[in-house]
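One structure is given below, encoded as structure tokens.
The values are calculated or read from the model by the stated rules, or taken from the named source; none is laboratory data. From a predicted model like this one, the values you see are computed outputs, not experimental measurements. So basically every Cβ, Gly included, is an ideal-geometry build from the backbone, and we count neighbours across all protein chains shown.
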Amino acid sequence: MKIVEEFIHYTKPPSGWKIPVIIISGVLTGLILFVMYVGNATSYLSDKPEACINCHVMNTQYASWRISSHARVTTCNDCHVPNDSYIRKMFFKASDGLRHSTMFTLRLEPQVIRIKEAGIDVVQENCKRCHMNLIGHTNLYKEESDEEKKCWSCHEETPHGTTSSLSSFPNANIPNPFPKIPDWIKKK
């Protein structure tokens, strides 16, 4: 018991620190909440495709998807996020979203966005999940190896087309699904 009392005594900050620590904690909490609000952090918990265009660099992908045949039956997450378990889905969304937000915040996004290896595997898995009844007659394996062909090796224009850069859809009508300016400010 004496060891616990000594530990508490040595780890307790001086009484003059109480007010500054409360103020700094409040400021940091407010800053974090503000960044989450401006970044529409809660929108990423949904499956709405509009969440993907919070960052303007995804406008090209959104515009090409919206005019594709997939737009009637799928969302971005149907193809780009694992759909076999809720835990895997949320873990993938969190890790991929953290990478995306870091790259966008630090201005590291490339002119032409390319899917990463983890995303390639997920998209292939989801193509097969949705189109299993259509691919039974196809040979998904390359003749020279046991490596599986990617569905887009034949269907490269599905659903985003072949041109994919920040300027490939210059006049696309992209909605602003999550306006950052509150209505009461717009009225003034």
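Numbers at a glance
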| item | result |
| --- | --- |
| Some residue of segment 123-132 being under 16 Å from the mean Cα position of the chain (by Cα), in a helix (DSSP H, G or I), among the β-branched types (Val, Ile, Thr) and closer than 15 Å to CYS52 by Cβ | yes |
| Criterion: at pLDDT 90 or above and either outside any helix (DSSP H, G or I) or hydroxyl-bearing (Ser, Thr, Tyr) (or both) - qualifying residue of ASP78, ASP47, ASP84 | ASP84 |
| Near pairs, Cβ below 9 angstrom, 6+ apart or cross-chain, from segment 60-77 (touching a residue at least 24 places away in the same chain (Cβ under 8 Å)) to any residue that is in a helix (DSSP H, G or I) and among the basic types (Lys, Arg) | ASN77/LYS89; ASN77/LYS93 |
| Given (1) of a type in the set (Val, Ile, Thr); (2) part of a helix (DSSP H, G or I); (3) touching a Ser or Thr at 6+ places or on another chain (Cβ under 8 Å), number of the condition VAL57 does not satisfy | (3) |
| Yes/no for HIS155 being at pLDDT 80 or above and either exposed (fewer than 10 other Cβ atoms within 10 Å of the Cβ) or not small (Gly, Ala, Ser) (or both) | yes |
| Residues of segment 1-31 satisfying the condition of being of a type in the set (Val, Ile, Thr), at pLDDT 80 or above and within 43 Å of the chain's Cα centre (by Cα) | ILE19, VAL21, ILE22, ILE23, ILE24, VAL27, THR29 |
| Residue match in segment 114-130 (condition: modelled with pLDDT of 80 or more, among the polar types (S, T, N, Q), over 19 Å from THR74 (Cβ atoms) and out of contact with any Pro (no Cβ under 8 Å at 6 or more places or on another chain)) | no |
| Conditions (1) under 17 Å from the mean Cα position of the chain (by Cα); (2) more than 23 Å from HIS155 (Cβ to Cβ): number failed by ALA63 | (2) |
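Quick grid of which residues meet (1) hydrophobic (A, V, I, L, M, F, W, C); (2) at negative phi; (3) loosely packed, with under 15 Cβ neighbours inside 10 Å:
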position	(1), (2), (3)
SER64	no, yes, no
VAL73	yes, yes, yes
ASP78	no, yes, no
LYS89	no, yes, no
THR105	no, yes, yes
ILE113	yes, yes, no
GLY119	no, yes, no
VAL123	yes, yes, no
ASN126	no, yes, no
